[in-house]
Structure formats: C-alpha cells, structure tokens
Amino acid sequence: MLIGVPKEIKNHEYRVGLIPSSVRELIHHGHKVVVQTGAGEGIGLDDRAYKAAGASIAKSAEDVFAKADMIVKVKEPQPRETKMLRKGQILYTYLHLAPDPVQTEGLIKSGCTAIAYETITSPRGGLPLLAPMSEVAGRMSVQVGAHYLEKAQGGAGILLGGVPGVAPAKVVVIGGGVSGTNAVRMAMGMEANVTVIDRSVDRLRQLDEMFGSKVYTCYSTLDAIEEHVVNADLVIGAVLVPGAAAPKLVTRKMIKQMRPGSVVVDIAIDQGGCFETSKATTHADPVYVVDGVIHYCVANMPGGLSRTSTFALNNATLPFALALADKGAKKALADDPHLMNGLNVHEGKITYKAVADDLKKKYVPAAEALGL
Ligand SMILES: NC(=O)C1=CN([C@@H]2O[C@H](COP(=O)(O)OP(=O)(O)OC[C@H]3O[C@@H](n4cnc5c(N)ncnc54)[C@H](O)[C@@H]3O)[C@@H](O)[C@H]2O)C=CC1
Ligand SMILES: CC(=O)C(=O)O
Ligand SMILES: [Mg+2]
C-alpha cells in the first residue's frame with residue numbers, strides 16, 4: 001500500500017502523522033510511504049530523516065493526496081484537504097465529527113473510508129489512541145491554567161500552590177478519565193487544593209485509591225458542579241461521552257458567579273466543550289474573557305507540545321496503521337472489532353451511532369456499510 005503523510009495545516013499544528021521510525025516499520029512490512037516536504041520540520045524531523053527511513057518526499061499536499069491509498073494525519077481534515085479525499089482512500093486521523101456537521105458532510109461527499117483515532121477502542125477498555133493526547137492535554141491544562149492565573153495574563157494573580165501562610169488555589173477537574181486524572185496529578189504536584197468530579201462512582205473510587213486524602217472526589221450532579229465551580233480559581237473541563245458532543249455541564253450563570261480573574265480550561269472543546277460559554281480557540285489566540293473569567297479552549301492542545309505529542313501518538317497509532325496497510329481497510333476492520341469502532345464514515349454513510357445521532361443523520365452500522 002502507498003501511505004501518504006501531509007503536513008498539518010491547522011493553526012500552530014506541528015505534529016505529524018508518522019515519525020521516521022514508523023515510516024521504517026511500514027516499509028519493512030513491504031509498503032511505500034510518501035511524506036510532504038517539511039511535514040515534520042517544526043519538531044526537528046526534517047526531510048532527510050524521512051528519506052533515511054525510506055520515504056519519498058512530495059512537493060505538495062496535492063501530490064500526497066493524489067497518490068496515497070491511505071492518508072495518515074493528526075488533526076481532522078481542513079476543508080481544502082477534505083476536497084482532495086476520494087472513494088477507496090483511507091483517512092486515518094482524529095475526526096471529532098459529532099460537533100462538526102461541515103466536516104462530516106465533506107467526508108460523506110468524498111466517499112472515503114474515514115477512521116477516527118478517538119473512537120478506536122481497546123480490549124482492556126478505554127480509547128487507546130485518544131489516551132496519549134489526553135495525557136498531554138491533561139498535564140498541559142494545569143500548566144496553562146497556572147499561566148493565565150498570573151496577573152499580567154489577566155488572571156487573579158494567584159499561585160496554584162500558595163505559600164506557607166497563604167492558602168493554595170482551588171482547582172476543580174470535571175471528568176476524572178485520562179485527561180482529568182493527568183490534570184489532577186499535575187495540580188496536586190503543584191500543591192493546589194484539588195477536587196475531581198465524575199459521574200462514575202467506580203472512577204471516583206479508583207481516583208481515591210490512586211491519590212488518597214490529598215484529592216477530594218465528588219459525584220457529578222448539578223448541585224456539586226455549581227458548588228465547586230463558583231468557588232474555584234481554576235476549572236478544568238475533561239468530560240467525554242465517547243463520540244458524542246460533550247454535555248454542557250457548566251452554565252453561563254455559574255461562570256458569572258465565579259471570581260473575576262479565575263480561569264477555565266475546556267479540554268473537551270474538541271467534542272464541542274462542556275462549558276456553556278466555550279467556543280474553540282487556537283494556539284495563536286488561545287483565550288477570551290466571559291464575565292471576567294478567562295476561557296482557554298484550544299481544540300488541539302497537544303499541538304502546543306508537538307514533539308512529545310507526536311512521539312506519544314505514533315506509539316499508539318502505528319499498530320493499527322500496520323494492520324490497515326497489511327490487510328486493506330475491509331479485512332483489517334472485519335478482523336478487529338476495536339478498529340471497527342474507529343470507522344466513522346464509509347462510502348458516504350455515517351457508521352458511528354453517536355455521530356449520526358448528534359448530527360441527526362442516518363446511521364448505518366459499520367459491518368453493513370462494509371458489506372460484511
Ligand atoms: N483539547 C484538546 O486538545 C484535547 C482534547 N481531548 C478531549 O478531552 C476529552 C476527555 O478525554 P479523556 O480524558 O480521554 O476521556 P475519558 O473517557 O478518559 O474520561 C472522560 C470522563 O468523563 C466522565 N464524564 C462523562 N460525563 C460526565 C458528567 N456528566 N459529569 C462528570 N463526568 C463525566 C466519564 O465518566 C469519564 O471518567 C475528550 O473530549 C477528548 O477528545 C483530548 C486530548 C486533547
Ligand atoms: C485529541 C485531539 O484532538 C488532539 O490531540 O488534537
Ligand atoms: Mg480522597
């Protein structure tokens with residue numbers, strides 16, 4: 001199979017779909033790889049490194065999309081990329097379709113086979129291709145939250161950990177999954193006062209065992225969210241209902257009651273966000289203020305730590321890239337129900353139920369769409 005890697009074009013996105021060592025693995029399996037010139041240069045992976053791994057270098061994204069049987073990317077295709085996709089071509093990348101009718105329509109029209117990293121599952125549970133980026137985003141959320149709490153950034157001028165004799169900041173993490181747990185870990189490390197809210201008691205029990213008495217665990221109800229959010233200095237939104245648009249758990253009224261100069265970081269923004277006041281921002285212009293509260297809603301946070309993130313992502317994506325290349329989409333999907341859960345759109349049909357439901361579109365089960 002010919003595998004193509006275009007340069008990412010989303011704002012300040014320097015991650016790349018395949019690193020040279022992944023290219024080498026694919027070539028070792030008998031495949032060919034074409035990489036757009038400069039695709040990895042933002043993170044120190046230049047064309048020479050790709051050539052040394054056995055890839056050929058293409059001058060443009062058009063070349064890559066025209067030649068490749070499978071496109072391996074990081075972010076959802078931008079409109080000018082979607083236009084280059086075609087029937088029979090595999091697109092393997094993050095998609096986040098539920099809050100994005102325009103992209104979904106583009107993928108339907110293209111006829112391509114679109115496999116979303118974020119809905120592939122694991123026999124051990126969880127979302128193994130989302131997890132590494134959730135780890136990055138969760139850890140980063142506390143770093144950016146601390147930054148925007150600084151006075152010069154518009155924040156309240158509060159140090160997360162306080163100092164002896166001065167109380168630490170109150171950090172509230174909503175959603176205690178992968179990103180939430182990593183946020184908790186960092187906030188604890190900075191000695192903040194940390195509360196984590198989840199709707200899964202099992203998850204709260206695990207967090208309690210993991211972190212002990214230094215973290216307050218709280219069951220997710222409207223009352224609990226309101227009580228903790230209005231008193232917080234930093235709120236991190238980290239919920240997920242896989243594939244579906246994020247529930248709006250924090251209302252505008254709650255935001256209004258927070259102290260001015262407090263900060264909210266909506267990690268869940270790629271699924272539409274869990275604050276009523278959230279709208280997606282970019283690394284170039286990451287924050288805005290609503291009712292005195294700073295909102296950080298960057299939809300590709302790991303893009304800001306692009307080198308670490310690219311290597312972490314490749315560790316998770318490579319096994320499935322190899323399966324897709326070795327067997328072709330249909331057989332690879334048929335052989336592995338967890339990869340099959342990644343199929344979101346195939347030949348014009350939406351094959352992921354939560355996406356179809358959220359967009360009020362027709363759902364066709366993946367096996368049926370593939371003719372299995
Ligand atoms: N902005 C960015 O750059 C990035 C965003 N993400 C996004 O972060 C979000 C979270 O991802 P993960 O941590 O991997 O998900 P996860 O599935 O590991 O954790 C989600 C948690 O949310 C909880 N939850 C669901 N509904 C809830 C509710 N009503 N109240 C409280 N808790 C609730 C679940 O019980 C679960 O523990 C996803 O939307 C993901 O796409 C991930 C990486 C980067
Ligand atoms: C998960 C995701 O959307 C990202 O890493 O950009
Ligand atoms: Mg505890």
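The values are calculated or read from the model by the stated rules, or taken from the named source; none is laboratory data. Nothing here was measured: the structure is a model prediction, and the numbers come from that model. Positions of Cβ are backbone-derived with ideal geometry, glycine not excepted, and every protein chain shown enters the neighbour counts. Surface areas here come from the heavy atoms of the whole protein model, side chains and all, with no ligands, DNA or RNA. Shrake-Rupley method; radii C 1.70, N 1.55, O 1.52, S 1.80 Å.
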Residue set A152, A146, A183; condition in the same structural domain as D208 (by TED's automatic domain parsing) and in contact with a strand residue (DSSP E or B) (Cβ under 7 Å, 6 or more places away or on another chain); output residue A183
Condition set on the phi > 0 side of the Ramachandran plot and open to solvent by less than 10 Å² (accessible area, probe 1.4 Å), scope segment 254-277, selection nearest to the chain's Cα centre (by Cα): answer is G273
Quiz item: Out of all the residues in segment 1-16, is one or more farther than 30 Å from A284 by Cα and open to solvent by less than 50 Å² (accessible area, probe 1.4 Å)?
Solution: yes
Subset of segment 326-372, residues in contact with a Phe, Trp or Tyr (Cβ under 7 Å, 6 or more places away or on another chain) and without any contact (Cβ under 8 Å) to a residue 24 or more places away in the chain, comes to A356
Of Y92, Y50, the only residue that is assigned by TED's automatic domain parsing to the domain that holds S309, in a helix (DSSP H, G or I) and open to solvent by less than 20 Å² (accessible area, probe 1.4 Å) is Y50
Turns out the helices (runs of 4 or more DSSP H) fully within segment 274-361 with at least 2 residues that are within 16 Å of ligand 2 (Cβ to nearest atom) and of a type in the set (S, T, N, Q) are 306-327
Per the list (1) of a type in the set (D, E, K, R); (2) within 12 Å of ligand 1 (Cβ to nearest atom); (3) closer than 17 Å to I267 by Cα, residue check on R203 breaks on (3)
Within segment 224-273, residues in a helix (DSSP H, G or I), under 19 Å from L149 (Cα atoms) and within 10 Å of ligand 1 (Cβ to nearest atom) come out as I267
Pairing a residue in segment 161-177 that is under 13 Å from T217 (Cα atoms) with any residue that is of a type in the set (D, E) and within 16 Å of ligand 1 (Cβ to nearest atom), where Cβ atoms lie under 6 Å and the two sit 6 or more apart in sequence or on different chains, gives G176/D198
Of Y363, Y296, Y352, the only residue that is within 13 Å of ligand 1 (Cβ to nearest atom) and at pLDDT 95 or above is Y296
Across segment 20-43, the tally of residues that are under 27 Å from P286 (Cα atoms) and part of a loop (DSSP other than H, G, I, E, B) stands at 3
ask   = Can you spot a residue in segment 242-253 that is open to solvent by 10 Å² or more (accessible area, probe 1.4 Å), modelled with pLDDT of 95 or more, over 30 Å from A356 (Cβ atoms) and away from ligand 2 (no atom under 16 Å from the Cβ)?
value = yes
